[in-house]
1. Please find, in a Gaussian network model of the chain (springs between Cα atoms separated by less than 10 Å), the residue of Thr141, Thr149, Thr183 whose mean-square fluctuation is greatest.
2. Just to be sure I understand the model, the point goes 7 Å from the Cα along the line to the Cβ. What's the resulting Leu179 to Thr195 distance in nm?
3. Report the residue, chosen from Ala214, Ala119, Ala80, that carries the largest GNM mean-square fluctuation when the chain is represented by alpha-carbon nodes joined by springs under 10 Å.
4. For the charge dipole of the chain, defined by +1 on Lys and Arg C-beta atoms and -1 on Asp and Glu C-beta atoms about the Cα centroid, which residue among Val72, Asn103, Leu15 has the Cα displaced farthest towards the positive pole?
5. Can you give me the relative contact order of the stretch 9-119 as a percent, contacts being Cα pairs under 8 Å and 6 or more apart?
6. Any idea what the dipole of the stretch 1-77 comes to, in debye rounded to 20, about its Cα centre with Lys/Arg Cβ at +1 and Asp/Glu Cβ at -1?
7. By counting other Cβ atoms within 10 Å of each Cβ, how are Trp205, Trp118 ranked from fewest to most?
8. Run lengths n ≥ 4 of DSSP H only: what is the helix-derived mean residue ellipticity at 222 nm for the chain, with -39500 (n - 2.57) per run over all residues, to the nearest 500?
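None of the figures in this text is laboratory data; all of them are computed from the coordinates on show. Not measured: the values here are computed from a predicted model. Neighbour counts run over all protein chains shown; Cβ positions are idealised from the backbone, glycine included.
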Amino acid sequence: MERFVYGFVVATDALWTLVGSGLDAQDLLRDVDNEFIDMFDDEFDSAPGHYAADIFAGRLDPQRAYPYTRLVEPILTMVAEPLGMIHMANTCYLPNDSFGRWNPVLAAIGLPRLAAVWASLNCPFPWPRGTTPRRDWPCVTELAPDDLTAVTIELEAGWRGALAALPDATVADGADPELAAATRAELTDDLDELTSWVDQARAPWSSRRRCVAADGNSLILVMDGGQ
């Protein structure tokens, strides 16, 4: 089991204007990766545009909640600024039962705001803002501007020393020292990548993407892979 987290710079107010916008689904998704299109068609027996058309027409069907959630990543790829991918290989197996796997470790190393928002189900697109998502996977999370400010302060502190000092049993099943070392290294790399994403989301943008503002953007994370 592995997980992948994709990051996007997004103006969320603009994102929600897509619902009921009348956009042409086929046109918006024309450059989506063929591998995703084939996967989607195999899973749902229909092309992505068929379900995206519901979103852009504003006729959301609760029975189609799962394919709508599957479409969040490719829609963001077309309308937001993609930042890259975080690969959770070892850290997907952190010995805890949190939904996001990282949460207890983040709290333990002095990143409480990040621990609270990581893998939280707080971005229900395309459903109305402020509601609970109708599907929890893939997991779509928004780090709003105030979250980004708080998380930046945390990430600038001394979390590396705290991570190194964690007992092996906190980061590896059976306290295996080799696995613990590999897991710490992966989490360090991933947090460095996440720090870069936070910085980019807070920075001014000059983007032609329809859902990116000059400033005040959010960072949206889409977690996919093994549940």
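1. The residue that fluctuates most here is Thr149.
2. About 2.8 nm separates the two model spin labels.
3. Sorting by GNM fluctuation, first place goes to Ala214.
4. It is Leu15, whose Cα lies furthest towards the positive end.
5. On the way: 85 pairs, mean separation 26.9, N = 111.
Relative contact order for the stretch 9-119 comes out at 24 percent.
6. Values: 5 positive and 15 negative charges, 76 e Å.
Result for the stretch 1-77 is approximately 360 debye, rounded to the nearest 20.
7. Numbers: Trp205 16, Trp118 25.
The most exposed by this proxy come first: Trp205, Trp118.
8. Values: 12 runs with 104 residues, N = 227.
My calculation for the chain gives -12500 deg cm²/dmol from helical runs alone.
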